Structures are given as C-alpha cells and as structure tokens.
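To start, the structure itself, in structure tokens.
The values are calculated or read from the model by the stated rules, or taken from the named source; none is laboratory data. It should be emphasised that the depicted structure is a prediction, and the values quoted were computed from it without experimental measurement. Heads up, the Cβs are rebuilt from the backbone with ideal geometry, glycines too, and the neighbour counts pull from every protein chain shown.
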Amino acid sequence: MSTGTGADSAPAPTAHDSQPTTRPAGTAGTGRNSSMFSSLKIRNYRLFFMGQVVSNIGTWMQRIAQDWLVLSLTGSSTAVGVTTALQFLPMLLFGLYGGVLVDRLRKRPVLLVTQAAMALTALALAVLTLSGSVQIWHVYVAALAVGLATVVDNPARQTFVSELVGPGQLQNAVSLNSANFQSARLVGPAVAGLMITGVGTGWAFLFNGLSFVAPIAGLLLMRARDLHVVERAPRGKGQLREGLHYVAGRPELLWTVVLVGFIGTFGFNFPVYLSAFADDVFHAGAGSYSLFNTLMAIGSLAGALLAARRGTSRMRVLIGAAVAFGAMELVAATAPSLWLFALIMVPIGMFGMTVNVTANTGIQMTTDPAMRGRVMALYMMVFLGGSPVGAPIAGWITDAYGVRAGLAAGGAVAAAAAVTIGLILARVGNLRLSVVWNHGHPRVRFVRREKEELAAVA
C-alpha cells in the first residue's frame, strides 16, 4: 500500500529514481481540505488508492477463506485461533523493531518488497489448496509469513501517506484509506462467500495473490519527484529506546496511544460480543451476526468519510468520539430488541472509526518525521495488540455475567478512559472547560486559563 502527492504536470521519472526532491511551500497538499475527496487530486495518492481498492478486497477474501480452510482441515475453532495468533504475534513481538527499520529506509522500495512477499505467500497457498495437497501446517506457515511481512509493511504504509500528500492533506488521505478499507470489508467477505461455495477456497487465495499486482503497479508508476521529503533516521544504537523516550516526553502522543490501547483492548472485542448477542440474547443465528457486522462497517465507512470532510485533527474530537463510542456501547448493552441493537451498530462503527482516524492523523502530524516509523509502529502494536489481550477478558466476563455485562463493561472502560485522559491533557495544557451559549446552542470547548484571567482583569 502507498499514498501519493504531487503535481500532474511534473515529468515522470523512471522507477529507479531514488531520492525525492524538496517540495516548495504552497504546493498541492497544503492547507485545509476543500472537499471530501481532495487528496485524490494528487496523482501519486490516486495510484495508491486505486491499488488498495483491489488489494483490500483480496485481503478480506483471504481472511474469510483462511478461517474456512482451517475449519475444513481440522474442525477446530482452536486451530482458527492459533492461525490468527500466528498472524498477529509478530507485530506484538517485533513491531517496534519494524518501526526502527522503516525510519531508516526509503518507504517505496520497502513496500515493493513487503507487498511482493505477501503476494507470493497467497499464491503459494492457492497452489497448495487447488492441488489438494494443503495441510494445516502450510496455513500456519503462511499466516506467520504474512505476520512477519506486516511488521514492516504496516508502519511503512502508515508513514508513506505523509510523503505522498504532505501535512495539509494528511487527515483527508488517512480518512480515505480507512473508507477504502471499510468498503472492502463490505465487499470482500461477500465475494469470498460466493467464491468458496462456488469454486472453493483456493480461488480466493489466488485472487488475493493476484490483487497485489495493483498496489505494486501503483508504486512503480509513482513520480518520485512529487514525493514530499521526509528525513530518514541514520543507523545507530539505542534507536528503539529513543523512540519510546520520544513518546514518553510528549503528552499528546503518550496519552493518545494510551487511549487507543484502552479502547482497542476493552471496547473492540466485537467478535466475542456480537456472536453472543446473535445466538444467546436474540436467538437469531448467523444471519443476524452478519447483519451486525455489516451495519457496523457502514457506520465505520460513514465515520471515515466524515473525517475526510472535516479536514482537521483535534484532540477534543478524539476525546469526544471516544466518550461517545463508550456511551453507545453502554446503550447497546441494554437494547431490548434485535433491530434496535442492530441500528446502534451504525453509530458505534462511526464513532470507533472517528477515534481511529483522528488518533492516527494526530500522531503522524505531531511526530518528527525521523521518528514517525517508530511512533506509528508503537501505535499499531498497541491498537492491534489490544484485542488478543482483551478478548479473553471479554470472554470471561461474558461467560460469568452474560454478554450484556461484558459489552457494558467494555463501554464503561472506554468512556472512563476517554474522560480521564481528557482531564489529564487539559491539566497538562493548563486548560479548563468552557460552555458558551451561541444563538441558543451550547458551545463546549477547552480554553487556556491565562486567557480567561486576562479577560477578567481587562
């Protein structure tokens, strides 16, 4: 995956052009977004986005096909869990080291290697499955290989966005990336289901392997001179520790990562909650489980598009969305009917995506470019690593006290964490909450205490 920036009028260099040149101030990619899709005006980002439309659908198809194949081979849900763990474990163990590498290296060549590695893995699994010789250990090895590639691919993709679009279009581009992913989440599983029942799981793996042609072609076609210059970190000792100290010394980064950790660990355990609500509470079966996920994906897509239109990344938006996310989970936990519960999935998805996009963009925009890979690796490690930690906790609460109690506990923790971190950041920034009535409507915001004191004296 990748993103793009640059004027279309610039002559195209060859694929071997290595060092992007400095972009002058005031070029495309600066200033406030003018529309929901403004970053798509940038040629390099457009190539990236179109590549990901195809690749993300393939990725979702492989996720469904992989789980189905494991169940077919073993009949064991535990084996499915092992496969998922193998895919996410490398990020938990080596994610920070991946960030160190990304800060040292040029992003586009790194992405060409990681995307090609994942393509070859999918194609190998397709050949084994279509030939009838696939065994469970083959799937385990493939999942681990994808996980190892993701260690570098994930922070590289996240940080490459800023090189493609620059700071002025960063939130718009990150939001559109999220919208792209959520759209694929709606299409990919449906296509995978049809393909698995029609021709078999092997063809889904084959489609995913071939889908990487699109992002790889986009990377090769990008104009290197249109990329925004980003300082690369020199090779040296203690760079991992340096990255951790960097985050620890900046409250706006530290507390954003902490908040995302709480929400990811306790609030995003939807595979546990939604399946239990479908079966145990509403007794409606797999169809309702699919409906819940679809409506949540629609809400997530709406949240991503609204974030793209908003064009700014503010801490108050992050805190407010996190509080609303937790509050909506509390409301959903008490929903008396299936259809009311299903409808509440839309705002839950919307507020959850707002938290994700706002935190992602805010971290990238406030981080030194030479540190961005390490900081984003920490962010993704906390975000992706939260669910494997929180899922057993959510499962235990659900088994012991019921799924309504489990969902309510997750929402309460998310909302409480958001309120607490909001108060901490307000104290660090010497802010206080101000409520002003404007044309009959309350306007809530944080203001600096010094400004209010000066106004009172005047």
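Descriptive notes on the structure:
- Some residue of region 115-133 being under 29 Å from Ser38 (Cβ atoms) and crowded, with 22+ Cβ neighbours inside 10 Å: yes
- Candidates in region 35-90 are the residues that are within 30 Å of Gln169 (Cα to Cα) and β-branched (Val, Ile, Thr); of these, the one that is surrounded by the most Cβ atoms within 10 Å (Cβ to Cβ) is Ile42.
- Yes/no for Val146 being closer than 23 Å to Thr361 by Cβ and touching a residue at least 12 places away in the same chain (Cβ under 8 Å): no
- Pair list, Cβ < 9 Å and 6+ apart or interchain, from region 336-352 residues that are loosely packed, with under 14 Cβ neighbours inside 10 Å to residues that are assigned to a helix (DSSP H, G or I): Leu340/Ala332
- Filter result for Val213 (β-branched (Val, Ile, Thr), outside the structural domain of Leu378 (by TED's automatic domain parsing) and out of contact with any Asp or Glu (no Cβ under 8 Å at 6 or more places or on another chain)): yes
- Every pair of residues 6+ apart whose Cβ atoms lie under 6 Å, when the first sits in region 202-221 and is farther than 14 Å from Thr121 by Cβ while the second is at pLDDT below 95 and not in a helix (DSSP H, G or I): Pro215/Met1; Leu219/Ser2; Leu220/Ala15
- Filtering Ile57, Ile42 for residues that are of a type in the set (Val, Ile, Thr), at pLDDT 85 or above and within 18 Å of Ala308 (Cβ to Cβ) leaves a single hit, Ile42.
- Residue count for region 399-444 satisfying the condition of being under 19 Å from Pro251 (Cα atoms) and either charged (D, E, K, R) or modelled with pLDDT under 65 (or both): 4.
- The set of residues in region 144-165 that are crowded, with 24+ Cβ neighbours inside 10 Å and of a type in the set (Gly, Ala, Ser) comprises Ala156, Ser162.
- When residues of region 390-401 are limited to those that are over 19 Å from Gly326 (Cβ atoms) and among the small types (Gly, Ala, Ser), the one surrounded by the most Cβ atoms within 10 Å (Cβ to Cβ): Gly395
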